[in-house]
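Below is one structure, written out as structure tokens; comments come after it.
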Amino acid sequence: MSIINTIVGSAASAQNREVPSYAYTGNEVQDALYITDLSTNSIVGSISSTALLEDIIECKYDAERELVYTTARTDDVLCVIDVSDPSNPTVLDYVGTGTNSRGLAYDKYSKRVYVAASNSYSLTSIDVSNPSNISVTGSYTSSTYLNYAYGVALDNTKKIVYVTETDGVTAFDVSGTTPARAGYLTNTSFFGGANNTDPILDKETDTLYLIAGNDSTVAAVDVSDPYSLSLPSVLRDTQRFQYIQAGALDADNKLLYVGGWNGLSVIDVSNPSNMVRLNTQVFTPYLTGTIVLDLGSKVLYATGSGNLASFDISDPYNITKIEDVSNGTTALALNISQGEDTLAFRKYPS
């Protein structure tokens, strides 16, 4: 099995973007978090724990405080790791998040982390304002609206969290201490497998993108009213989108990158009601792990078959591989702050 995690940059000009210097990768086989120096493509630090980091599903970076948040599906915890010293990452605290912890989102303004747990059908809000003493503020549980909940996306302007579940997506008002259900949208024809991915939010167009590999679709959900979600368009390609398992959004240029067994595809989403596939290329190893965009350098990082690979995406019609780094990676984050506000997208295929 492989884990897919994605962090997407916010819509700022490329020349003003930070360039990452480190990648944080979770390894489900060795129950560890690794820190890779991207200038040398070498691992400079790591931390392992079968009690806290077994089967890491997702990690997110807190740029302000140099922290990494991880979820581990076997240990059922959210873990806070101090990475201020890349050579010596240290666990500060952890808390239980429900059975089979999956996707997470971090709100840098409220200092809260939201975690979905698939087997307890729950969304949990966690106060991380004191990273050495984190605590649960509230949770929402429902086998209807959070059936095998997995992916999480945060709109920290509207204080709305979106969670993917079996054949659907549910919006939650998180302005209080406990998540409160807002809107819900389900579709058994187009959302198959969407409960295995993080949705991707484009706040500029109020669009949430769902990647549904089982149905070979990319669905654009209108979230302008979080209490009344609607489906303006679906793009289906049974050849190129079959079992797509990862995605990331270039919000500057309105390009959505989706990857899977049948290649890396680039989709024009400048008009969410009329998405257009621009290009598909096949790479080895297959992009069945993580996809992360560094929009400042126009580089796409991806994992597959245990490798961390980098790709030049300056020309979306002619993507080229830059380098492979073999480090057995699964979950992935970069040390840039743009990823905190947006949501990304990861799948855990069965």
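Working out 0.36 nm times the residue gap between ASP93 and ASP225, then minus their Cα-Cα distance, what length gain in nm do you get to one decimal?
On the way: separation 132, 0.36 × 132 = 47.52 nm, distance 3.62 nm.
Value of the extension gain: 43.9 nm.
Can you run the Rg to Rh ratio on segment 70-118? Use alpha carbon positions and the Kirkwood inverse-distance Rh.
On the Cα set of segment 70-118, Rg over Rh gives 1.01.
Can you compute the label reach from SER135? Point 7 Å from Cα along the Cβ direction, backbone N cut-off under 15 Å, restricted to segment 141-185.
Zone members listed by number: 177-178.
In whole percent, what relative contact order does segment 61-140 give with Cα contacts below 8 Å and a gap of six or more residues?
Working: 185 pairs, mean separation 17.3, N = 80.
Once divided by the residue count of segment 61-140, the mean separation gives 22 percent.
Going highest first, how would you order 169-175, 138-144 by mean Cβ packing within 10 Å?
Numbers: 169-175: 22.9, 138-144: 15.7.
Going from most to least packed, we get 169-175, 138-144.
Relative contact order of segment 152-228, please, whole-number percent, based on alpha carbon pairs below 8 angstrom and at least 6 residues apart. Kindly include the intermediate steps, with their values, before the conclusion.
Working: 171 pairs, mean separation 19.7, N = 77.
Once divided by the residue count of segment 152-228, the mean separation gives 26 percent.
So for segment 214-273, averaging the separation of alpha carbon pairs under 8 Å that are six or more residues apart and normalising by length, what relative contact order in percent results? Walk me through the intermediate numbers first.
Working: 107 pairs, mean separation 16.7, N = 60.
Relative contact order of segment 214-273: 28 percent.
Return the FRET efficiency for the residue pair SER21, THR284: r is the Cβ-Cβ distance, R0 is 25 Å, and the value is rounded to the nearest 0.05.
Values: r = 27 Å, r/R0 = 1.10.
FRET efficiency, SER21 to THR284: 0.35.
Which entries of LYS60/LYS158; LYS60/LYS159; LYS108/LYS321; LYS254/LYS321; LYS203/LYS298 show an alpha-carbon separation above 25 angstrom in the structure shown? Don't jump to the answer; show the numbers that get you there.
Numbers: LYS60/LYS158 20 Å; LYS60/LYS159 18 Å; LYS108/LYS321 33 Å; LYS254/LYS321 22 Å; LYS203/LYS298 21 Å.
Result: LYS108/LYS321 exceed 25 Å.
Order 86-99, 104-117 from most to least packed using the mean count of other Cβ atoms within 10 Å.
Going from most to least packed, we get 104-117, 86-99.
Every number here is computed from the coordinates shown, using simple stated rules; none is lab data. Keep in mind that this is a model prediction, so the values were computed, not measured. Methodologically, a virtual Cβ is constructed for each residue, glycine included, from the backbone with ideal geometry; neighbour enumeration extends over all protein chains shown.
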